Amino acid sequence: MSAAGHALALRGLTKRYGDFTAVDDVSLEVAQGEFLTLLGPSGSGKTTILMAVAGFVAPSAGSILLDGREITPLPPEKRNFGMVFQGYALFPHMTVAENVAFPLRVRGLSRADRDTKVRAALDLVQLGTFADRLPKQLSGGQQQRVALARALVFDPNLLLLDEPLSALDKKLRAELQEELKALHRRVGRTFINVTHDQEEALSLSDRIAILNHGKLIQSGAPGTLYEAPRTRFVADFLGKSNFLEGTVQGADADGFVLAAGPDRLRVRLPAGSAVPAEGSRRLLSLRPEKISLLSDGEAADNTVDGRILAWSYLGAGFALRVATPSLGEIRAVLPAWQAAIAPAEGLPVRLGWSADAAVPVEDDAP
Ligand code: ADP
Ligand code: MG
């Protein structure tokens, strides 16, 4: 298989159905060889974007470019994109090898060329010894690997994946995620994956684009989105978060103090961040795992007293819901080895977090 991925760009991509806007002015660049994930809740427009890229949905406005050349008017077969879609099953009456050979047959390749490419594609997904089986003789995960081989066998310009793992059980899904990641590294092509599963997005992607109501809310490397979510929606959808609201006081280049009721929360901003206006209302996102349980006399930039409302054991740690008088309910996740106490309902606790743990986010809650 020849390497070299291709770059894709969406410019103002919009799709309307009547007066409903399914995809709303989405602009996005996907670099050569990148693994990009479109992540968003059900109905956020992910499949519509993928279908527009594949050429099955005609955009209402905007354009799609491959390596800088406009492909918007091209029919699907001229785009040469590989696809693995959720309900896009294997042909049940064909063997594994015949399934994988199908796109090559459509393209008129000779028998000998087909055989070579089919063997290489099956080796790629580690199913070389399954060539003569029928799909029903394979597990769900193996069937999806055959679908991947079928999508890659004709040297596609892009590989488009629409929730390919969502029908599999949790353990199998985790296995196939690893495999998909390894496959991406091996073939060096541009992959665009769609999922509503935030863990899958975090673990697989070079970059994630977060969608809501057809709009692109934020895109970036998984770590960037997780650590510096731009909005409440992003912080809430990618991981879990506490949201603290208050009024800005004493803002300077390093940060500010957020007055939330009687509490004064110190916020340190990363260098170069915009400093919020004195007296303005701001919302902070605080990840549960950035909160620690303070022992007697232990100091932190921010502390708040509360009582444990509920707790659960997670194996690797504890999840706590803590009722605080002024900040409402706060969720904290503590590594088990760090928990200074045995959690119990009603137990008074003091929570602490550092000034750079909470980040200001735009409030885009509906
Ligand atoms: P996702 O894949 O993120 O779940 P979709 O792209 O499938 O979302 O759908 C986005 C929105 O567009 C949904 O509200 C869906 O009902 C609507 N939609 C999708 N296809 C059509 C269609 N052919 N006609 C009318 N509405 C559609
Ligand atoms: Mg979908």
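Summary of computed values
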item: Subset of the stretch 1-48 [on the phi < 0 side of the Ramachandran plot, open to solvent by less than 30 Å² (accessible area, probe 1.4 Å), outside any loop (DSSP other than H, G, I, E, B) and away from ligand 1 (no atom under 16 Å from the Cβ)]; result: LEU8, ALA9, VAL30, PHE35
item: Those residues of the stretch 205-244 which are β-branched (Val, Ile, Thr) and surrounded by 19 or more Cβ atoms within 10 Å (Cβ to Cβ), in sequence order; result: ILE208, ILE210, ILE217, THR231, VAL234
item: The stretch 289-320: number of residues that are under 24 Å from ASP356 (Cβ atoms) and among the basic types (Lys, Arg); result: 1
item: Within the stretch 291-301, considering residues that are open to solvent by less than 70 Å² (accessible area, probe 1.4 Å) and either touching a Phe, Trp or Tyr at 6+ places or on another chain (Cβ under 8 Å) or assigned to a loop (DSSP other than H, G, I, E, B) (or both), the one farthest from ARG264 (Cα to Cα); result: SER295
item: Elements of type strands (runs of 3 or more DSSP E) contained in the stretch 175-243, each with 1 or more residues being within 9 Å of the chain's Cα centre (by Cα) and more than 16 Å from ligand 1 (Cβ to nearest atom); result: 207-212
item: GLY239 being under 19 Å from ILE330 (Cβ atoms), touching a residue at least 40 places away in the same chain (Cβ under 8 Å) and in contact with a Leu (Cβ under 9 Å, 6 or more places away or on another chain); result: yes
item: Verdict on THR247 being open to solvent by 70 Å² or more (accessible area, probe 1.4 Å), of a type in the set (Val, Ile, Thr) and not in a loop (DSSP other than H, G, I, E, B); result: no
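Each row is one residue, and each column tells you yes or no for (1) within 23 Å of GLU175 (Cα to Cα); (2) open to solvent by 40 Å² or more (accessible area, probe 1.4 Å); (3) of a type outside the set (Lys, Arg).
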{"residue": "PHE85", "(1), (2), (3)": "yes, no, yes"}
{"residue": "LEU90", "(1), (2), (3)": "yes, no, yes"}
{"residue": "VAL96", "(1), (2), (3)": "yes, no, yes"}
{"residue": "VAL100", "(1), (2), (3)": "yes, no, yes"}
{"residue": "LEU104", "(1), (2), (3)": "no, no, yes"}
{"residue": "ASP113", "(1), (2), (3)": "no, yes, yes"}
{"residue": "LEU124", "(1), (2), (3)": "yes, no, yes"}
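The values are calculated or read from the model by the stated rules, or taken from the named source; none is laboratory data. In this text the structure is predicted, and so the values were computed from the model without any measurement. Please note: Cβ atoms are built from the backbone with ideal geometry, for glycine as well, and neighbour counts cover all protein chains shown. With ligands, DNA and RNA removed, areas are computed over all heavy atoms of the protein, side chains included. Shrake-Rupley method; radii C 1.70, N 1.55, O 1.52, S 1.80 Å.
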